[in-house]
């Protein structure tokens, strides 16, 4: 390694948002020496992402912060419904409302999918939890007010130039992970962005408003979407949600976020007064008490990097994909990028020559996911205007008066178009499932490239794919077809209770056998740990594993450290040499 570096690490992380901090935690849990550089002096001051899906809370479970995250998340009574309103003022009306995010009628379905639950916690509350855990595991490696200004790649390391105060310091690392939110290094590495840019110009405001929830006709709703024909329909009118602080928020401490698209009538740049007027106009509460905390302009992009790896540098999170927030898939996808990458880096750090090919699979596996979620989130955004507005009879070709009259018919039971309008609104809700009830998109994604024997082809991966080859986003179909996440089941042994996921080691593959531990262990590969669910092993509490494992009593399922099924099969005539070659193939060992 280049001796001019003032300090050396296994991994250097650029960016200290939720993706970078999670990456550091996952590396530290594996004993990998890492350093994180964040240009800001502390965690984010803007609310940003807030929906945390089950694959991500599973990662927080592994990280040891799951319970703390739940403790600060929105309580269930205000975190499981969403609604559309004309306004919250005296003349406001509810257009539609529904359960969402694993709440209400979806609660049991989501419980079957994972040991962890969907929760809502804004980024400004999440990042401090991640920061504390990252520093606990790596006391000297989390460096704020440290801006990486340059990176060069060498044969066996990368060199980072870091501005810390008035000093410019060099740090060497074997690999670097860019989690800088796509601010500069993706472009600096010569990686092109693909997809759609600058789709909408949006503005977000973070404000305090005591007692606002008490003014809502249905305070169970987390997100309230507004549709006003004179304000550009759904996207232009905006949406509102509370961000705590929980668990001890009193009505006088309520903090909120309001988001809307800029329209032709709006000034190019909002001031605090402009934002306050716009908020009151949307809510139709002219005397609403508002204490503005911050507001920011941003562009909606649905873009992804053409490649996620450039030699010794890897892109994660927004540095690899910028995803519209409709569907809450951006931060989640970034954290799941890290989960895919870190265990592969651990193998490469132990034997770079042998596991060089394993690192290439990061791009192969994650890039299709980043592209897909960007497109689905863009679909969600456009559905508000293209589906819900259309159901109400709103359209840009109509005058404001025409749109208003069309919308009024959805509330007048005596109007001849009333029944048709209500039916259209119900159909629009089904289209919007992709945003509000989409476990297939949240936890059902899988890696087709791992299914080398095409086990999933004949059944469209047991229905996780639709007839047209697209992902079935509405439902999650648990499966042990290679490339899918290991199915959830509750287990018990003695006085201990755990989930299948809890058995997965950080540093080895897990073989889940149904019997014959000794027969599997005698195959003798140290890269594999054996557990038994069945006789003389863990008890399958409700029979879920037996239903889902897809192998006989003499079979087993092999799971990677990131929870993905790598192989399933029977003990049969397999010997140690065949087993070694299989493991080498799964780990792309040269």
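Any chance you could give the angle, 0 to 90 degrees and rounded to 10, that helix 418-431 forms with the longest Cα principal axis of the chain?
20 degrees
For segment 451-590, take the convex hull of the Cα atoms, compute a quarter of its surface area, and give me that in nm², please. Kindly include the intermediate steps, with their values, before the conclusion.
Working: hull surface 37.1 nm².
Average of the hull's projected areas for segment 451-590 equals 9.3 nm².
Mind sorting 321, 40 by how few other Cβ atoms lie within 10 Å of their own Cβ, fewest first? Spell out each step's value before the answer.
Numbers: 321 33, 40 14.
In increasing order of surrounding Cβ atoms, one gets 40, 321.
Specify the angular offset, from 0 to 90 degrees and rounded to the nearest 10, of the alpha carbon long axis of helix 272-283 from the longest principal axis of the alpha carbons in the chain.
80 degrees
Using the per-residue mean of other Cβ atoms lying within 10 Å as a proxy for protection, in what order, highest first, do the peptides 432-442, 172-182 fall? Provide the component values of the computation, followed by the final result.
Values: 432-442: 23.5, 172-182: 25.0.
Final packing ranking: 172-182, 432-442.
Just report the Cα centroid separation between segment 181-230 and segment 477-520, whole Å.
39 Å
Would you calculate the separation in nanometres between label points at residue 68 and residue 526, each defined as 7 Å from the Cα along the Cα-to-beta-carbon direction?
3.4 nm
Order these by the 10 Å Cβ neighbour count, fewest first: 82, 204. Show your work: numbers first, answer last.
Values: 82 22, 204 19.
If I rank by nearby Cβ atoms, fewest first, I get 204, 82.
At what distance in angstrom do the alpha carbon centres of segment 101-132 and segment 437-467 lie from each other?
Going from one Cα centre to the other spans 23 Å.
Report the percentage of all Cα-Cα pairs in segment 36-164 whose separation exceeds 23 Å, rounded to a whole percent. Spell out each step's value before the answer.
On the way: 4316 of 8256 pairs.
In whole percent, the long-distance tail amounts to 52.
Let me have the 222 nm mean residue ellipticity of the chain computed from DSSP H runs of 4+ only, each contributing -39500 (n - 2.57), with the sum over all residues rounded to the nearest 500.
On the way: 19 runs with 182 residues, N = 590.
Calculated mean residue ellipticity at 222 nm is -9000 deg cm²/dmol.
For segment 67-87 and segment 342-382, compute the distance between their C-alpha centroids and round to whole Å.
31 Å
Using 7 Å Cα-to-Cβ label points, what is the residue 576/residue 427 separation (nm, one decimal)?
6.6 nm
Let me know the volume per residue of the alpha-carbon convex hull for the chain, in Å³. Please list the in-between numbers first.
Values: hull volume 96.9 nm³, N = 590.
So the per-residue Cα hull volume is 164 Å³.
Between 0 and 90 degrees, rounded to the nearest ten: what's the tilt of helix 330-350 against the longest Cα principal axis of the chain?
10 degrees
Give the calculated FRET efficiency between residue 402 and residue 184 to the nearest 0.05, with a Förster radius of 45 Å applied to their Cβ-Cβ distance. Kindly include the intermediate steps, with their values, before the conclusion.
Values: r = 47 Å, r/R0 = 1.04.
Rounded to the nearest 0.05, the efficiency is 0.45.
So how much slack lies between residue 352 and residue 250, counting 0.36 nm per residue of separation and subtracting their Cα-Cα distance, in nm?
31.3 nm
Taking other Cβ within 10 Å of each residue's Cβ, how do 36, 471 sort, fewest first?
Sorted ascending by nearby Cβ count, the order is 471, 36.
Values in this text are rule-based calculations from the coordinates and carry no lab data. None of these values were measured; they are calculated from a predicted model. As a convention, Cβ positions derive from the backbone with ideal geometry for all residues, glycine included, and neighbour counts pool all protein chains shown.
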